[in-house]
Amino acid sequence: MTKEPQRESRAASISLLGGVLCLDFANTVDWRTSAKPEEILNNYRDLVDWARHVGFIDDRRAGRLSRRAASRGSAARRAFEQAIQLREAIYAVFVAFAHNRLPAREHVDRFNQILSGFMSQARITPGPDGFGWSWSGDPDGFDSVLWPVAWSAAELLTSQDSGLVRQCRGGGCGWLFLDKSRSHRRQWCHMKVCGNRAKARRYYERLKLNK
């Protein structure tokens, strides 16, 4: 009996429009602000697929993590639950930034709680171009795929770029992105997707008004 090939998850091909790792992670829910948001990360395997897709783990490490998750389901589920909590905290904090509001204390506290657990793994190490950050924890630990995400969010929160976080104005989208445009007036995560939809919607609304 031949084994059917495993279907690739949506997490392995999701568009990366955030401009920075932590925002791409926050965008792993499609149609965030619609009546029917679509979850991209449904299990730990999806999380591994996403980490490989964005490029901070390779195929070999992804394979090891997936095999470990298959044999240690409870531990993998706990790491996955932590990933969703981290994602939702990041999203809530940066949505507030996008709308020039202070984030709710509970979301900041939740982010700090997760970040503090990872900081004990951080190390300063020398490299060919000087010193940089590295991680001393088990590279095959289930939560290892979250370390770069949490660090990315911490760096963005404490940088001037935090003021460039925007939320897509496309109807129902709600994705976050870093506005690096010259005018800093970008409105959509992607002009050819949400931008064109918004323009088409305005066009048909004008047609209705002129009838």
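The values are calculated or read from the model by the stated rules, or taken from the named source; none is laboratory data. Here the structure is a predicted model, which is why all the values come from computation and not from measurement. Here the Cβ positions follow ideal geometry from the backbone for every residue, glycine too, while neighbour counts run over all protein chains shown.
Any residue that is assigned to a strand (DSSP E or B) and buried (at least 19 other Cβ atoms within 10 Å of the Cβ) - is there at least one of those in the stretch 167-174?
Restricting attention to the stretch 167-174, the residues satisfying the condition of being assigned to a strand (DSSP E or B) are 167.
Subsequent filtering for residues that are buried (at least 19 other Cβ atoms within 10 Å of the Cβ) retains 167.
Checked the stretch 167-174: at least one residue is assigned to a strand (DSSP E or B) and buried (at least 19 other Cβ atoms within 10 Å of the Cβ).
Could you go through the stretch 146-158 and let me know if any residue there is among the acidic types (D, E) and over 15 Å from A26 (Cβ atoms).
To start, the set of residues in the stretch 146-158 that are among the acidic types (D, E) comprises 155.
So of that shortlist, the ones also over 15 Å from A26 (Cβ atoms) come out as none.
No, every residue in the stretch 146-158 fails to be among the acidic types (D, E) and over 15 Å from A26 (Cβ atoms).
Any idea which of R61, R52 is under 21 Å from S144 (Cα atoms), more than 14 Å from the chain's Cα centre (by Cα) and surrounded by 16 or more Cβ atoms within 10 Å (Cβ to Cβ)?
Working: R52 fails: more than 14 Å from the chain's Cα centre (by Cα).
Only one candidate passes the filter, namely R61.
Assess whether E88 counts as being closer than 18 Å to G174 by Cα and in a helix (DSSP H, G or I). Reasoning before the result, please.
Details: closer than 18 Å to G174 by Cα: yes; in a helix (DSSP H, G or I): yes.
It is true that E88 is closer than 18 Å to G174 by Cα and in a helix (DSSP H, G or I).
Mind checking whether some residue in the stretch 110-131 is part of a strand (DSSP E or B) and either under 27 Å from C189 (Cα atoms) or aromatic (F, W, Y) (or both)? Step through it out loud before you land on a result.
Kept after step one, since they are part of a strand (DSSP E or B), are these residues of the stretch 110-131: 122-127, 130-131.
Adding the requirement that they be either under 27 Å from C189 (Cα atoms) or aromatic (F, W, Y) (or both) leaves 131.
Yes, there is a match, as at least one residue in the stretch 110-131 is part of a strand (DSSP E or B) and either under 27 Å from C189 (Cα atoms) or aromatic (F, W, Y) (or both).
Regarding V108, is this residue more than 21 Å from R52 (Cα to Cα), at pLDDT 90 or above and either surrounded by 12 or more Cβ atoms within 10 Å (Cβ to Cβ) or of a type in the set (G, A, S) (or both)?
Values: more than 21 Å from R52 (Cα to Cα): yes; at pLDDT 90 or above: yes; either surrounded by 12 or more Cβ atoms within 10 Å (Cβ to Cβ) or of a type in the set (G, A, S) (or both): yes.
Against the criterion (more than 21 Å from R52 (Cα to Cα), at pLDDT 90 or above and either surrounded by 12 or more Cβ atoms within 10 Å (Cβ to Cβ) or of a type in the set (G, A, S) (or both)), V108 qualifies.
What are the residues in the stretch 132-146 that are in a helix (DSSP H, G or I) and charged (D, E, K, R), if any?
Our first condition is that a residue be in a helix (DSSP H, G or I); within the stretch 132-146, this holds for 142-146.
D143 - this is the single residue of the stretch 132-146 that is in a helix (DSSP H, G or I) and charged (D, E, K, R).
When both residues are 6+ apart or on different chains and their Cβ atoms are under 6 Å apart, which pairs have a first residue that lies in the stretch 178-204 and is under 25 Å from Y91 (Cα atoms) and among the hydrophobic types (A, V, I, L, M, F, W, C), and a second that is modelled with pLDDT under 80 and assigned to a helix (DSSP H, G or I)?
Once the first residue is under 25 Å from Y91 (Cα atoms) and among the hydrophobic types (A, V, I, L, M, F, W, C) and sits in the stretch 178-204, its partners that are modelled with pLDDT under 80 and assigned to a helix (DSSP H, G or I) give W188/G195.
Return the residues of the stretch 77-87 that are among the hydrophobic types (A, V, I, L, M, F, W, C) and crowded, with 18+ Cβ neighbours inside 10 Å; say none if nothing qualifies.
Looking only at the stretch 77-87, we keep the residues that are among the hydrophobic types (A, V, I, L, M, F, W, C), and these are 79-80, 83-84, 86.
Result: A79, F80, A83, L86.
Counting only residues that are modelled with pLDDT of 90 or more and of a type in the set (S, T, Y), which one in the stretch 122-180 is nearest to the chain's Cα centre (by Cα)?
S152
Have a look at S66, S9, S74 and point out the one that is buried (at least 16 other Cβ atoms within 10 Å of the Cβ), free of Cβ contacts under 8 Å to residues at least 24 places away in the same chain and either under 12 Å from the mean Cα position of the chain (by Cα) or within 24 Å of G141 (Cα to Cα) (or both).
Details: S9 fails: free of Cβ contacts under 8 Å to residues at least 24 places away in the same chain; S74 fails: buried (at least 16 other Cβ atoms within 10 Å of the Cβ).
Of S66, S9, S74, the one residue that is buried (at least 16 other Cβ atoms within 10 Å of the Cβ), free of Cβ contacts under 8 Å to residues at least 24 places away in the same chain and either under 12 Å from the mean Cα position of the chain (by Cα) or within 24 Å of G141 (Cα to Cα) (or both) is S66.
If you scan the stretch 138-171, which residues turn out to be of a type outside the set (F, W, Y) and in contact with a strand residue (DSSP E or B) (Cβ under 9 Å, 6 or more places away or on another chain)? Spell out the reasoning first.
First, the residues of the stretch 138-171 that are of a type outside the set (F, W, Y): 138-141, 143-146, 148-150, 152-171.
Scanning the stretch 138-171 gives S144, P148, L156, D161, L164, V165, R166, Q167, C168.
Give me the residue from the stretch 147-166 that is in contact (Cβ under 8 Å) with a residue 24 or more places away in the chain and not in a helix (DSSP H, G or I) and, out of that set, surrounded by the fewest Cβ atoms within 10 Å (Cβ to Cβ).
Step by step, filter the stretch 147-166, then rank; the result is R166.
Just checking, how many residues over the stretch 112-128 are within 15 Å of G141 (Cβ to Cβ) and either in contact (Cβ under 8 Å) with a residue 40 or more places away in the chain or exposed (fewer than 11 other Cβ atoms within 10 Å of the Cβ) (or both)?
Count: 1.
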